[in-house]
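Everything below concerns the one structure shown next.
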2 protein chains.
Amino acid sequence: MEQQLQNKRHTLAHLLAAAVIEQYPHAKLTLGPAIDNGFYYDIDFSDGVTPGADDLKSIQKGMKKLVNKWTEFTHAEVTADEARAQFAGNQFKLELIDEIEAKGEPISLYTCGGFTDLCRGGHCENPKADLAMEAFKLDKLAGAYWRGDEKNPMLTRIYGLAFETKEELVAYEFQIAEAKKRDHRKIGKELGLFSFSELVGPGLPLWSPKGTILRNEIDKFVTGLRMEKGYQLVTIPHLAKKALYETSGHWNKYSEDLFKVRAKEGDDHEEYVLKPMNCPHHTQIFDAEPRSYRDMPQRYAETTMVYRAEQSGELAGLTRVLSITQDDAHVFCRESQLREEIEAIWDIVDRFYGAFKFDLEVSLSFRDPENLDKYLGETKVWDDSEATMEAIAKERGAAYFVDPGEAAFYGPKLDFIARDSIGRKHQVATIQLDRQQPERFDLACTNENGEKERVVMIHAAIAGSLERFTAVLIEHLAGNFPFWLAPEQIAVIPVAEVHNEYAQGVHDQLTAAGFRSQIDTDNESMGKKVRTAKKNKLPYFLIIGDTDIANNTVTVESRDTGESIAMSLDDLLMKLQAEASV
Amino acid sequence: MEQQLQNKRHTLAHLLAAAVIEQYPHAKLTLGPAIDNGFYYDIDFSDGVTPGADDLKSIQKGMKKLVNKWTEFTHAEVTADEARAQFAGNQFKLELIDEIEAKGEPISLYTCGGFTDLCRGGHCENPKADLAMEAFKLDKLAGAYWRGDEKNPMLTRIYGLAFETKEELVAYEFQIAEAKKRDHRKIGKELGLFSFSELVGPGLPLWSPKGTILRNEIDKFVTGLRMEKGYQLVTIPHLAKKALYETSGHWNKYSEDLFKVRAKEGDDHEEYVLKPMNCPHHTQIFDAEPRSYRDMPQRYAETTMVYRAEQSGELAGLTRVLSITQDDAHVFCRESQLREEIEAIWDIVDRFYGAFKFDLEVSLSFRDPENLDKYLGETKVWDDSEATMEAIAKERGAAYFVDPGEAAFYGPKLDFIARDSIGRKHQVATIQLDRQQPERFDLACTNENGEKERVVMIHAAIAGSLERFTAVLIEHLAGNFPFWLAPEQIAVIPVAEVHNEYAQGVHDQLTAAGFRSQIDTDNESMGKKVRTAKKNKLPYFLIIGDTDIANNTVTVESRDTGESIAMSLDDLLMKLQAEASV
């Protein structure tokens, strides 16, 4: 968030507090920061009446009136006792004052339009002139514990939205409303893509036949792109001995997030772990045979579930699950092959996200220049790989930014960020260099001189997690999947029973051609059948009536254009064939 | 084993004992039963010299000499004390006599050709006339604890092979030798299909790119056959709350064999289980939506790993693993649909095993007629399903036998047994009716009258476990996979460097046509390249030389026929296309 906008939001929090105090003199103010989409203020109303949602309008009105007198902030540094006198009776502010005093920091008060608050600063210079009052609104009320601790009193949090312009506010509110309509949990349920069972447990989605088609088509797309680049599929189990993760280093760092596995007490299976990632297993496939420079690179791809022990309170739809299906790949290559391999992965990322019309930007996650000694490996090797990454980004004309300090300690990363159709950003694909696991697992090839040469690993997930990607995609497309991806592609709808036979013939030919066709011969009105097909978001539906039989045609209606066109079945088959692959 | 053959084997055990005593008078005999492929005798040689493998020939010679005097068995019941006197000094026989006495059973001695042994009987009447001495041979020596208990003294076990005819003995020895040559662990390593890692653990195979092609082609074949029968793919996680298995009933019965899963101590993930089978999860997909009779049957298929806690001492190659990939399917149907669904699965089983030229027989695993009350469900329903199964088997002209008492308590089963190319039998596919889980999970559809109707489940695995099936298939085919299945299908081998370019063109066209081609332009002799291709059991290799370039042909050599034929590349592509699917 830019400093200027942050200052405006912070100023609005002061203004909110002033308006509240005017209307609810018993209110005790606590803290009111700027946040990502505006600001809030946590207020204790326990000494009198508490405002409800209906009262926000009146408070907002108060703010708009007050702002006319807010033309200048004045600032005073005071002693702790002066501050205590100012906020006498407000135990929250007194607690804050004690803390600032204990830290030996200055205690500063800011005043505007006669309203004074304990504050570190960061405001508009002239609120009346600087604030675009039409670009803000009070949004909602919520409960919040003082300092987020449930042992503390419950306060009332008043949220406001605030942007630079009214257009931005409107756009934001549209995005929120759209996001609600597009919620993948809602659409997933309506389309019957996945479900959860209390017996199976939260965070463990069950994919219906339709949802499985969706997953598998996405996976086939990624796999196809990879095959063109010489990747090979491998298969690993979901278990490994704890020893694997001790060697990889994950046990020491993440053992709390790992699912531990045992059979009966005291038996010899006690030390197993449910895999939280695939790289350590893949190193063992690489290491199963001696590798010559002629065998390099080895590119292993596998779409497989990993398991991470999230707290179940955090699980939500498909965006946070316990069973994460990764479209994972690991390239084992020589240093000299790094650039070509990164380019190839980047090609795949571009083609994959391009097919869904996501805008991509990429973060070059590099070393922290202030802390160069915390990274594994030689400075020159790091310099080279970072330079290579930035050169590739430049050459491709990618929208990129360098993010210093975001590298893993074992290598720099490229993190791709997709902007969806309603403007939200999602971190998606990642390309990571790794020189640590090759070291820990002693992975090498024999070079042209017969010497052992340490290899480099590249971790490359494209969709990332199929669960999360599916959620993002559902919301990006509002469930309107393109033809090649739609679990149900075409509905054949006879107008009346007399058209059933012809319709069945059409359906059979579509099915024989490999399309996911369905025929609706239920004893319902045509209108209802069309509504069902629309509700299920089928890309095409064919309404078969007398004219079609007479002319030997089909009448095709498109979900996306709304157009309805009569054509021969052969023409339809050709049209669909063209849309059947990405 | 037939009684007559068993008697012969048992007689040979006596004869062995007699020959041993003749050559090793200090030997103490213990027990010598007939077994599946012959017989053995456990003998204590600790009072003198112990025979080695080289001495078996001489013992065998002794048996052949002795048998000429073995024309009649005589039998005597004696008192315990008389028996003790007979076997004085042999603590093993004395222990047996004590036991027989304690049980109050008769103590019987059998004598033939002057050799007497403590024995329950079951011999040839006239060994000299009845035994085909050319149909037996002493096989090997092994150590064996007295009564199988490692706290007891170690004895020497002498094994003999014995059959009715010499031909059967030769066939058996051939089978053993072939099985050894075909051992899937050996071939799997030679072809680089899978490996094990000490860090990952025993019983957890890692599938290389080549092995993964093999698995995936097998799976695609099964899945394709299922799609023709209206199956749909679904996707489930590998975890579930313990509650799922409590409801299904598996927790009570098999909890010792389940892998339990937990994150940190005391957190809310403590009650998870790694799935040992897929049916309970699949019930939850069926149950995620209300089902009408119009939706029935629901046929869910999924190839996914299940985990069972075998003791690691039991793990061997791919035949016993911890991570079992099942090509699993569950049909939820109405009673009235059972026959058609079973027929459809049987069709798939026949086509699948037929494609690999396995001979199939089927066991109808029915109720135990003596214990009808231990089965869940109404007698009439059982009668009907058993009758249906047998009627189908008859109608299809299947090789079948009824196996009473082998039904599960919740339904009868069809267990398919495949006979491999060297005569061994493997239990493979299974079709099981299940009325218990529909009951426990309350699975129903709404019938034509709007009433709730309990559904039936059919469990249907075709390959069964991909790991075990792959092992069986490797040994069945000695690693010579048919073209469509071979991980590497064609090797293109230029005779000399001058042929590389033309060879590359051929290789590129084969690859573009979707074949798994490889080109060997290493700086090696052609002979060595051909040997490599043969060692890797590629179905075809093309040797590209001057004549091919001059005539614009390729010379194709077949692994299976050894024939070498020149043809145009177009003809080759057509030929391969025809072999590319099952």
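The values are calculated or read from the model by the stated rules, or taken from the named source; none is laboratory data. On a predicted model such as this, the values are computed, not experimentally measured, just so you know. Cβ: placed from backbone, ideal geometry, glycine included. Neighbour counts: every protein chain shown. In case anyone asks, the SASA skips ligands and DNA or RNA and just uses the protein heavy atoms, side chains included. Shrake-Rupley method; radii C 1.70, N 1.55, O 1.52, S 1.80 Å.
So the values come out like this:
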item: When each of B:241/B:374; A:64/A:166; A:181/A:535 is checked by Cα-Cα distance, pairs over 19 Å; result: B:241/B:374
item: Exam field: residue B:570 pseudo-label spacings to other copies (7 Å along Cα-Cβ), nanometres; result: 2.5
item: Region B:98-146: C-alpha gyration tensor shape, a/c 1.5 cut-off, then a/b vs b/c; result: oblate
item: Alpha-carbon Debye profile of region A:430-529, log10 I(q)/I(0) at 0.10, 0.17, 0.21 Å⁻¹; result: -0.58, -0.90, -1.05
item: Magnitude of the charge dipole, region B:126-225, Cβ model with Lys/Arg +1 and Asp/Glu -1, debye to 20; result: 320
item: Inter-copy spacing of residue B:152 label points, which lie 7 Å from Cα along Cα→Cβ, given in nm from shortest upward; result: 7.5
item: Mean Cα-pair separation over length for chain B, i.e. relative contact order, pairs under 8 Å, 6 or more apart, %; result: 10
item: Considering only region B:214-354, percent of DSSP beta bridges that pair antiparallel, nearest 5; result: 90
item: Net +/- balance of residues flanking residue A:358 in space, Cβ distance below 14 Å, scoring K and R +1, D and E -1; result: +1
item: Alpha-carbon Rg with Dmax, taken over region A:107-217, Å; result: 22.5, 65
item: With Cα atoms, 0 to 90° folded angle of helix A:338-355 axis to chain A main axis; result: 90
item: Of the trypsin sites (Lys or Arg not before Pro) in region A:323-402, those whose Cβ has at most 12 other Cβ within 10 Å and which sit in DSSP loop; result: A:357
item: Spacing of the two label points (7 Å from each Cα toward its C-beta) at residue A:552 and residue A:409, in nm; result: 7.4
item: Alpha-carbon centroid distance for the pair region B:288-302 / region A:48-71, whole angstrom; result: 56
item: P(r) histogram, all alpha-carbon pairs of region B:158-210 included - 5 Å bins from 0, percent; result: 4, 16, 16, 15, 12, 10, 10, 10, 6, 1
item: Alpha-carbon centroid distance for the pair region B:365-427 / region B:125-157, whole angstrom; result: 37
item: Integer Hz, Karplus 6.51/-1.76/1.60 couplings in order for region A:551-562, x for Gly and Pro; result: 9, 6, 10, 10, 9, 9, 10, 9, 4, 7, 9, x
item: Pairwise FRET efficiency - residue B:295 versus residue B:219, Cβ, R0 = 22 Å, nearest 0.05; result: 0.25
item: Dipole magnitude (debye, nearest 20) for region A:199-270, charges at Cβ of Lys, Arg, Asp, Glu; result: 280
item: Spin-label pair residue A:560/residue B:2, simplified geometry with 7 Å Cα→Cβ offset, distance in nm; result: 7.2
item: Ranking by accessible area, most exposed first, for B:498, B:402 with a 1.4 Å probe; result: B:498, B:402
item: Relative contact order, percent, region A:97-250 [alpha-carbon distance under 8 Å, six or more residues apart]; result: 10
item: Stokes-Einstein translational diffusion, chain B - Kirkwood Rh over all Cα pairs, 0.890 mPa s, 25 °C, in µm²/s; result: 85
item: Radius 10 Å from Cβ of residue A:467, net charge of other residues (Lys, Arg +1; Asp, Glu -1); result: +3
item: Computed FRET value (nearest 0.05) for residue A:174 with residue B:171, which takes r as the C-beta separation and R₀ as 56 Å; result: 0.10
item: Cross-link table A:189/B:242; B:189/B:534; A:537/B:220, entries beyond 23 Å C-alpha to C-alpha; result: A:189/B:242; A:537/B:220
item: Percentage relative contact order, region A:460-528, counting C-alpha pairs under 8 Å, at least six apart; result: 30
item: Inter-label distance for residue A:513 and residue B:45, nm, one decimal - labels placed 7 Å from Cα along Cα-to-Cβ; result: 7.9
item: Alpha-carbon centroids, region B:345-360 and region A:317-349: separation in whole Å; result: 39
item: Candidates per trypsin sites (Lys or Arg not before Pro) in region A:74-152, loop by DSSP, up to 14 other Cβ within 10 Å; result: A:120, A:151
item: Gyration tensor (alpha-carbon) shape descriptor, region B:195-335, a/c threshold 1.5; result: oblate
item: Exam field: residue B:501 pseudo-label spacings to other copies (7 Å along Cα-Cβ), nanometres; result: 6.4
item: Cα-based shape type of region B:1-101, given that a ≥ b ≥ c are square roots of the gyration tensor eigenvalues and the cut on a/c is 1.5; result: oblate
item: Rounded accessible area of residue B:547 (nearest 10 Å², 1.4 Å probe); result: 90
item: Cα-Cα over 18 Å, subset of A:253/A:275; B:357/B:413; B:61/B:128; result: B:357/B:413
item: Total charge dipole magnitude, chain B, about the Cα centre, Cβ charges on Lys, Arg, Asp, Glu only, Debye to nearest 20; result: 1100
item: Region A:333-401: GluC sites (Glu not before Pro) falling in loop per DSSP and having at most 16 other Cβ within 10 Å; result: A:378
item: Solvent-free Debye scattering, log10 I(q)/I(0), computed from the Cα coordinates of the protein assembly as shown at q = 0.06, 0.07, 0.09 Å⁻¹; result: -0.69, -0.90, -1.31
